[in-house]
Each structure stands twice: as C-alpha cells, then as structure tokens.
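Here is the structure we will look at, set down as structure tokens.
Nothing in this text is a laboratory measurement; each read-out follows from the coordinates by a stated rule. The shown structure was predicted, so the numbers you read here are calculated from the model rather than taken from an experiment. FYI the Cβ positions are ideal-geometry reconstructions off the backbone, even for glycines, and counts take in every protein chain you see.
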Amino acid sequence: MMPPAKTSANPFKVERKRRGLKIESVEQGSAAAAVGLQPGDLLTAIGGTPVRDVIDYYFLLGTAEPVLTVRRGEQEFDVSVKDEGGPGLGVSFAEPFDRIHRCTNRCLFCFVDQQPPGLRQSLNFKDDDYRLSFWEGNFITLTNCTVKDLHRIVSQRLSPLYVSVHTTNLELRARIMGNPRAAKIGEQLRTLAAGGITMHTQVVLCPGLNDGEELTRTVNDLAGLYPAVRSVAIVPVGLTRHRQGLYPLRPVSPAGAARVLEQVAGWQRQYRQGCGSRIIFAADEFYLRAGKAVPPAKEYEGFPQLENGVGLVRRFLDAWKQVEKRLPSRIPPRRAVLVTGALARAVLGPVVARLNLVEGMQVTLLPVANRFFGTTVTVAGLLTGRDIRAALKKSLKGLPQPDLVVVPATALKDRHVFLDDTTCSDLAAAVGCPVIPAAEPRELVAALGVKLERRTLNRYDGVTV
C-alpha cells in the first residue's frame, strides 16, 4: 500500500516544479508496482537528493533501500522501495532527461549547417550533452561543460564518454569550432583522465586545416593520455552541396585518403609496441576512397567506434563469409534490386555476384547518387527516399518489374522513414513492389527470401553461426 499523502516542507519543493522524472509506465509485478507507484507520478528525489534525470535515478538507487520522494498531483509523499537487484525498479520515464544541452559551437565543417531547408526539426537540432554521450554514445565537444559538470561526470563515473577533439592545437581548435571555450580541451581531457573516465575521441579531418603536422600533434597528444583515451577515430569531413556562404573546405581525395592510411599504419605500429594498443583507427571511408582493403577484425581491437563508421565494412564482410557458406544452390525465381550509396559499390559488388550464382536468384546492385545532399556525399546512411525513387525509375525503365527492393536500414529512422520523410510505404507505392530494409548479411538474404542451409558442426568447428 502507498503511504498516506502528507504535507511536505521539503527544501526541494521549488525544484520539483521543474525537476524530476515523470513515470510513464510501471511494470506489473515489479518493486515499483508493489508499493503503488503509478503512471503520471513524478519522482523528485531519492534519499533526499533531487533526481535531475535518469542517470541520477540509477546512481541513487545504489542505496540499500532507497526512499523515493513522489509527487502525485498536489500530494507529496515518501515511499521506501526494496531494490531486488534488477535494472531499476520496473518503471519507465516519459522524458529520461530534462532540457538537452544544445551545441553552441559554429564549427567550420558542421554537417547540420550544410543541410537544405525543409527537413524535420529533429534533424536540425544540434545536441552537445555529456549525459547523452554516456547514455547513448553521442559525441560531445565539452565546450559547454562547466567545472560542476566535470565533477558530476567523475563522481558518478559517467564512463565511457565520446569526445570530438578535432585538434589539440588550442588556438586552431577555437578557430575551427568558432568558440573560444574550445581552447579548454587540454585541461578538460586531463581532468577526466585523472578522474578515471575512459574516453573515445574523434578527429574530423579537414584537408588544409587539421591534417598533416597538425594531425600528428593531435594524435600524439591524445595517445599520451592512454589508457584514459582508449581510441582515436579519424573520419573524413562530410561536405554537401549546400555550403553557400560557409568556409571553403575541400573533401578528402583518394590520394589524401591513402596518405592518411599510411600515417595511421605507422602510428598503430608505434603505439602497439609502446602501449599494447593501436589506439588510432581510420574510418572505413578512407579505405574505400583509397581503394584499399579494410584491415582484419583483430586489428580493430574490439571495434570501439563501430557506430562512428570504424570497422563496419569489416564486420559486414566477416558476417557475409559465414552467410555465404550456407547459401542454397537454388531458390524459386526471384528478381530483386539492392540499393546502396556510391561508396559501397566495391563492397557489395562481389556479394551480389555470389548471390546471382544461386539458381533462380537475380539481384541488381543499384548504387544511388545523392542528389539531395550532393554527389560528394556517398555513404548509404544519407540516402533519401526521393533519390532512391528517381534512381529506381530510371534503372527499371523497360525492364521486368522486380519482386522487391532492398534498401539500407542505416538510411531510415525506426527502419521506416528516410531523412526527407519519405517512407518505405511511399517508395513501395511508387515502384510497385515491396521495399524492405536490411542492415547486415542475414537480414539481406532473409529479405531476398533465401533460406540458409543448416550446417552440421563437429566439436572442432567452433561457434555456430
């Protein structure tokens, strides 16, 4: 039973009007349900300490039997809840965080500033929130982090964090990011390192700005903070055709990509010998632009920056090897189109060629030029529905209707909506066949209607795929 409501003289009363976590749902049979917590209740404090966000919630639940301060309408009461050791008490929250911290930088290469008008509002929102870095793996710049924020990060062990450094030349960093506070990055990184916080960092490489000797300086400075700085990803700047009035940047050329890979290989040898880790990793785009093979999986050391495009190609190729072994020799006739970005042609070409050796299978690879952002944007994840639709209509003109179209799941929000708000259903209606997203080899062959053959493994074959 929930204790009777009581009038509170709690000193956090004013804060409760703007702080706290609103309960969205309560799991049946949970500890929260046992004490009568309900959807709509506002959790404002645990053990007398205000709850600002979901991080505070989990951190403060570390007490043996936490006392929750709850507000329901105009009533306020405390309730003691016994944590059974699971993740939380069986509640979910409507808004895990209060106001998200916006980015206040004016980076010369900011991709959001290069977007065309008319995109949904969420795509134009630039967050720079250390809580989201810990919670979701978002990259942050630390330019809006106060001393109090750094203290919270260290005291609550918000680790790992993902930090956009770009350069450790403090004057250059302030210039590149359009923010004088960017020059504090050195002391901020040292504070976090001294506090035991693990960091994964990135450098967005802009030819003529932070490459060459500047990149060498940055890499050496960051590697000097190992093992706190666990990885440094170097990624090429992304430039769209919507750069009117912006700083004149140029993309990484194939020759420039090859030079970066040579640098990275040298640093990896150096740091692996001195630290036991390669530390420095190049994004997949460098290998594809330079026409080089991506490294084997072991050289990615557990893929610490997979979501940053570092090692995705290797993971795909290794997964494909396992799927390829189990392809059948024939299937009922099926005609399909596999859509991708221009950059992935070299990766998916051999995959499609092997699929077409299966009797009954006819797959056409369709690399789509990005007209929406500009043809210099070549990754599949930034394709729009309208560009795919135009490319399909052009490529299919005069040809038999395909049975389905497979599109990259990375280009979709919730596996359904493209960046331009075109949906898979819209695209399917336009081309006259089902449109199915796929992210990895198993999904691809499943979308194509291919049933993989079972493999009989003996005790020496290792793990079943």
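Remind me, relative contact order of the chain in percent, using alpha carbon pairs under 8 angstrom and six or more residues apart? Don't skip to the end; give the middle numbers.
Numbers: 795 pairs, mean separation 42.2, N = 465.
Over the chain, the number comes to 9 percent.
Once phi is turned into ³J(HN,Hα) by the Karplus curve 6.51 cos²θ - 1.76 cosθ + 1.60 with θ = phi - 60°, what whole-Hz value does each residue of the stretch 322-338 show in order, with x for glycine and proline?
5, 5, 4, 5, 10, 5, x, 7, 8, 9, x, x, 8, 10, 9, 10, 10
For the chain, take the longest principal axis of its alpha carbons; what is the angle in degrees between that and the long axis of helix 254-275, to the nearest 10 within 0 to 90?
50
Under 5 Å between amide H atoms, partner at least 5 residues away or on a different chain: which partners does GLY311 have, H built in plane at 1.01 Å?
The list, which skips near neighbours in sequence, is ASP284.
Using a cut-off of 14 Å between alpha-carbon atoms, which aspartates and glutamates can reach LYS413, once sequence neighbours fewer than 8 places away in the same chain are excluded?
ASP421
Just in the stretch 64-148: which GluC sites (Glu not before Pro) are loop by DSSP and have at most 15 other Cβ atoms within 10 Å?
Values: sites: GLU74, GLU76, GLU84, GLU136; in loops: GLU74, GLU84.
The qualifying sites are GLU74, GLU84.
Using all Cα-Cα distances in the stretch 112-309, what percent lands in each 5 angstrom bin from 0 up to the longest?
Answer for the stretch 112-309: a P(r) of 1, 7, 15, 19, 21, 17, 12, 6, 2, 0, 0 percent.
Past the 28 Å Cα-Cα mark, which pairs from LYS292/LYS394; LYS292/LYS397; LYS321/LYS397; LYS126/LYS393; LYS325/LYS393; LYS22/LYS126?
Working: LYS292/LYS394 31 Å; LYS292/LYS397 34 Å; LYS321/LYS397 34 Å; LYS126/LYS393 35 Å; LYS325/LYS393 34 Å; LYS22/LYS126 25 Å.
Over 28 Å apart, Cα to Cα: LYS292/LYS394; LYS292/LYS397; LYS321/LYS397; LYS126/LYS393; LYS325/LYS393.
Say R0 is 35 Å: what FRET efficiency, to the nearest 0.05, do SER425 and ARG250 get from their beta-carbon distance? Please list the in-between numbers first.
Numbers: r = 39 Å, r/R0 = 1.12.
So the FRET efficiency works out to roughly 0.35.
Taking Cα atoms, how many degrees apart are the long axis of helix 212-223 and the longest axis of the chain, rounded to 10 and kept between 0 and 90?
50
Under the rule of at least 5 residues apart or a separate chain, name every residue whose amide H is placed under 5 Å from the amide H of ARG241.
Those lying under 5 Å, H to H, from ARG241 are GLY374.
Just to check I understand the Karplus step: with θ = phi - 60° and J = 6.51 cos²θ - 1.76 cosθ + 1.60, what whole-Hz values come out for the stretch 360-366, glycine and proline as x?
x, 8, 9, 10, 10, 7, 10
Please work out the FRET efficiency for the pair GLU299 and ASP78, using the Cβ-Cβ distance as r and a Förster radius of 41 Å; give the result to the nearest 0.05.
Working: r = 54 Å, r/R0 = 1.32.
The pair GLU299/ASP78 has a calculated efficiency of 0.15.
Enumerate the amide H contacts of ALA438 below 5 Å, restricted to partners 5 or more residues apart or on another chain; note that Pro and chain-start residues carry no placed amide H.
VAL407, ALA409
State the extension gain, in nm to one decimal, for the chain segment bounded by ARG175 and GLN156, taking 0.36 nm per residue of separation less the distance between their alpha-carbons.
Numbers: separation 19, 0.36 × 19 = 6.84 nm, distance 3.22 nm.
Residue separation times 0.36 nm, minus the Cα-Cα distance, leaves 3.6 nm.
Of (i) 23.0, 73; (ii) 29.1, 109; (iii) 25.7, 77, which is the value of Rg and Dmax of the Cα atoms in Å derived from the coordinates here?
(iii)
What full-extension length gain, to one decimal in nm, is calculated for GLU359 and GLU27 as 0.36 nm per residue of separation minus the Cα-Cα distance? Before the final figure, lay out each step's value.
Details: separation 332, 0.36 × 332 = 119.52 nm, distance 4.98 nm.
So the extension gain works out to 114.5 nm.
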